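The numbers here are math on the coordinates, done by the rules we state, and not lab data. Everything numeric in this text was worked out from a predicted model, so none of it was measured. Because the Cβ atoms are built from the backbone with ideal geometry, glycine has one as well, and the counts that use them run over all protein chains shown.
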Amino acid sequence: MRFINELDELMERGFVAQSTDPLLISEQLRKPSVAYVGFDPTADSLHVGHLLPLRMIDLLVQYGHKCIILLGTATGQIGDPTGKSSSRKMLSQEEVQSNANNILDQINHIMCRRGVSEELIFCRNSEFALSDIEFISKIASHFSVNEFVKRKTFSERLRNEEHLSVMEFIYPLLQAKDWLFLFEKYDCTLQIAGLDQWTNCCAGESLISKVLGKTSHIICTPLLSINGEKMGKTSDGGTIWLDKKKTIPFDMWQFFRNLPDECIVQLAKFFIDISIDSIKEISKEHINQLKAMLATDIVSFVHGKEVADICASAAEAIFHQNKLDADLLPKIQVEFPISIIDAFIASGLCSSRSDVKRCMQNGGLKINGEKVCGNDIIVSGIVLSHGKKMIALVEKEPQ
């Protein structure tokens, strides 16, 4: 589907937190264009905080544009210092490349399901290396130290006499160099990034103007947040990863289903493919229905419709206390017989024997929907639950 004015649609749905001249962006998007989104592979998976730029990629390709996915296999070793009060731990090139491979596969699977993968270009910025002298003469010479020390991230650390390495200081220059390379090779006129990347993006826009005399454009999306905190963490501090081996799809579904009411309409505008008027109408009388729609559509975006439907069915069974089908739930293989305490530890629902006993005393543990209070022996497959989290235990397959 192609909108008459794509930028107006993106702005109405809340995708644009800050941008360069909207009129120039609208004019650019009236013709097939090339945009890029960068991901530094500092972990082996993306998390829900990356969903908005992924959704932007999806939409831009649907509008008829191409998107470059830039994996920061060079910058990822350093890590972006934006908003950080201390230096990041440096990763080895092997770690970064391994993380990049995982993330590339992750993005490709998502976009294949969306039917847009053929319009994507995957690059790694370790392929754009310049010699030291080339970097200084072609890139660094266009920037002012006076300008950079005014940046909040750097000025606060300098004022507090905290360590700030030269390596971190030149990070924005490295990101600017990436965009210059992509502009020259692919005519990449638009960068998409999170709002916290605005000043880094502006460094690239400035460099393109100074070196090539060309105009480039920036759209920064809002940062997904809950009550002012960046989205991506569970209530117990765990990260909601897009890798189903790190965060099971059912837990992702539950995370979005249980968000505060005030977050839901805006998130629905981002991720549910119905009109904004329909979203507002549903939210007035059926906010819980909208939450379930949101959770299902996000899990479908990341893991596919079949998995999302399974998660929704499992949640429905829990809510109505129906007989639970273990096939709808994430599974852990164990060797039976097994004690109740060991079962809850093996499932990951509890961290230790004392944690199991404490949760039992609080009435939070169930087996097949019934509260447990002892340490009986389990001899066959069951469904364990701790609060809203559920795991099916099945017989370990023989080696």
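Using a Gaussian network for the chain with springs between C-alpha atoms less than 10 Å apart, which of these wobbles most: Ser26, Ser313, Ser131?
Ser131
Using the basic label-point model (7 angstrom from Cα toward the beta carbon), what is the Ile274 to Cys112 distance in nanometres?
In this crude label model, Ile274 to Cys112 measures out at 3.1 nm.
What FRET efficiency, computed as 1/(1 + (r/R0)^6) with R0 = 56 Å and r the Cβ-Cβ distance, is obtained for Glu27 and Glu94, rounded to the nearest 0.05?
Once the sixth-power term is evaluated, E becomes 0.80.
Would you work out the Kirkwood radius for the stretch 6-225? I mean one over the mean of 1/r across all pairs of different Cα atoms, in Å.
Taking every pair of different Cα atoms in the stretch 6-225, averaging 1/r and inverting gives 17.9 Å.
Step by step: find N for the stretch 182-305, compute 2.2 N^0.38 Å, then divide the Cα radius of gyration by it. What's the final number?
Its radius of gyration relative to the 2.2 N^0.38 Å reference: 1.33.
Between Asp105 and Ser313, take the C-beta separation as r, use R0 = 25 Å, and let me know the FRET efficiency to the nearest 0.05.
With R0 = 25 Å, the Cβ-Cβ based efficiency is 0.35.
Taking amide H positions as placed in the peptide plane 1.01 Å from N, state which residues far from Phe122 in sequence (5 or more) or on other chains have amide H under 5 Å from it.
Ile69
What FRET efficiency, computed as 1/(1 + (r/R0)^6) with R0 = 51 Å and r the Cβ-Cβ distance, is obtained for Asp261 and Ser339, rounded to the nearest 0.05?
It comes out at approximately 0.80.
Top mean-square fluctuation among Arg113, Arg55, Arg353, Gaussian network model of the chain, C-alpha springs under 10 Å?
Of Arg113, Arg55, Arg353, the Gaussian network model singles out Arg353 as fluctuating most.
Pairs Lys244/Lys269; Lys31/Lys185; Lys245/Lys305; Lys177/Lys245; Lys244/Lys280; Lys66/Lys269: which are spaced more than 27 Å apart, C-alpha to C-alpha?
In this structure, Lys177/Lys245; Lys244/Lys280 lie more than 27 Å apart at Cα.
Magnitude of the Cβ-charge dipole of the stretch 6-225, K/R +1 and D/E -1, about the Cα centre, nearest 20 debye?
Value, rounded to 20: 240 debye.
So what's the back-of-envelope 222 nm ellipticity for the chain, counting only DSSP H runs of four-plus at -39500 (n - 2.57) apiece and dividing by all residues, rounded to 500?
Calculated from helices alone, the mean residue ellipticity at 222 nm is -13500 deg cm²/dmol.
Name the residue farthest towards the positive end of the dipole of the chain from the options Phe128, Ser351, Leu71, assuming +1 on Cβ of Lys and Arg, -1 on Cβ of Asp and Glu, about the Cα centre.
Looking along the dipole axis, the top candidate is Ser351.
If each residue of separation counts as 0.36 nm, what is the full-extension length gain between Lys214 and Asn362 once their alpha-carbon separation is subtracted?
Contour length minus Cα-Cα distance gives 46.8 nm.
Expressed as a rounded percentage, what relative contact order does the stretch 6-225 have, with Cα pairs under 8 Å and six or more residues apart?
Reported relative contact order: 29 percent.
Report, to two decimal places, the Cα Rg of the stretch 249-322 normalised by 2.2 N^0.38 Å (N = number of residues).
Cα Rg divided by the expected 2.2 N^0.38 Å: 1.04.
Rounded to a whole number of µm²/s, how large is the Stokes-Einstein D of the chain at 20 °C and 1.002 mPa s, given Rh as the Kirkwood radius over C-alpha pairs?
92
Taking the Cα centre of the chain as origin, sum charge times position over the Cβ atoms of Lys and Arg (+1) and Asp and Glu (-1), and report the length of that vector in debye to the nearest 20.
So the dipole magnitude of the chain works out to roughly 520 debye.
Under 13 Å from a point 7 Å along the Cα-to-Cβ line of Phe135: which residues of the stretch 92-128 have their amide N that close?
126-128
With Cβ to Cβ distances under 9 Å as the rule, what net charge do the other residues near Phe270 carry (K, R +1; D, E -1)?
+3
What residue among Val37, Val16, Val334 has the largest mean-square fluctuation in a Gaussian network model of the chain, using Cα springs under 10 Å?
Comparing Val37, Val16, Val334 in a Gaussian network model of the chain, the most mobile one is Val334.
Quickly rank 355-367, 185-197 as a protection proxy: mean count of other C-beta atoms within 10 Å, highest first.
185-197, 355-367
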